Amino acid sequence: MDKIIVTVLLIVAGVVASIALVNFVYPAISRSEGVIVGVTDAVNDRMQSQIKIIQVAKDGSDVHVWVKNVGTAEIGSIERSDVFFGPTDNFSRVVYGSSGPPYPYWNYQIEGGNDSWKPAVTIKVSIHMESAPSSGTYMVKMVIPNGISDERVFGVQ
């Protein structure tokens with residue numbers, strides 16, 4: 001009789017332990033799966049995103065920068081991008097805005113009548129400054145929201 005009671009107790013303890021283990025392990029696996037999917041999506045987005053600064057021109061107190069989406073993914077939230085501009089030894093981040101002051105600020109226009117920054121579409125980034133940049137060597141860099149960037153050094157006469 002003692003062997004039967006011990007066997008029943010061991011079976012019950014094994015079932016309870018199995019249920020507890022499943023209740024502990026399954027949520028951990030589910031959370032890990034969500035993290036892995038999120039990281040995979042972020043890496044996929046970075047692999048498909050690529051930009052190229054194709055032209056920079058000074059126009060009075062403005063500097064226009066044409067940036068092409070050379071990747072395979074549409075780039076959204078352009079206004080959340082970072083734009084850096086200034087002399088090569090003293091550049092700084094320029095804030096996004098629709099009008100100044102404070103100067104400098106930048107805004108953009110999607111070229112070619114497009115309504116989004118799809119692959120092979122170019123945007124015109126306009127950096128508005130309080131006064132025209134003086135002669136010298138300047139650097140402009142654009143970083144899109146997922147961290148992909150391109151930069152260009154150019155001269156102003």
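The values are calculated or read from the model by the stated rules, or taken from the named source; none is laboratory data. No experiment lies behind these values; they were computed from the predicted model shown. Positions of Cβ are generated from backbone atoms using ideal geometry, with glycine treated the same way; all protein chains shown enter the neighbour counts.
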Candidates Val143, Val94, Val125 - the one that is assigned by TED's automatic domain parsing to the domain that holds Val67 and without any contact (Cβ under 8 Å) to a residue 60 or more places away in the chain = Val94
Report yes if Ser77 is small (Gly, Ala, Ser) and either touching a Pro at 6+ places or on another chain (Cβ under 6 Å) or not assigned by TED's automatic domain parsing to the domain that holds Ser131 (or both), otherwise no.
-> yes
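Could you tell me which of the residues Tyr103, Tyr108 is hydroxyl-bearing (Ser, Thr, Tyr) and assigned to a strand (DSSP E or B)? If you could, list the steps in order and put the result at the bottom.
Numbers: Tyr103 fails: assigned to a strand (DSSP E or B).
Sole residue among the options that is hydroxyl-bearing (Ser, Thr, Tyr) and assigned to a strand (DSSP E or B): Tyr108.
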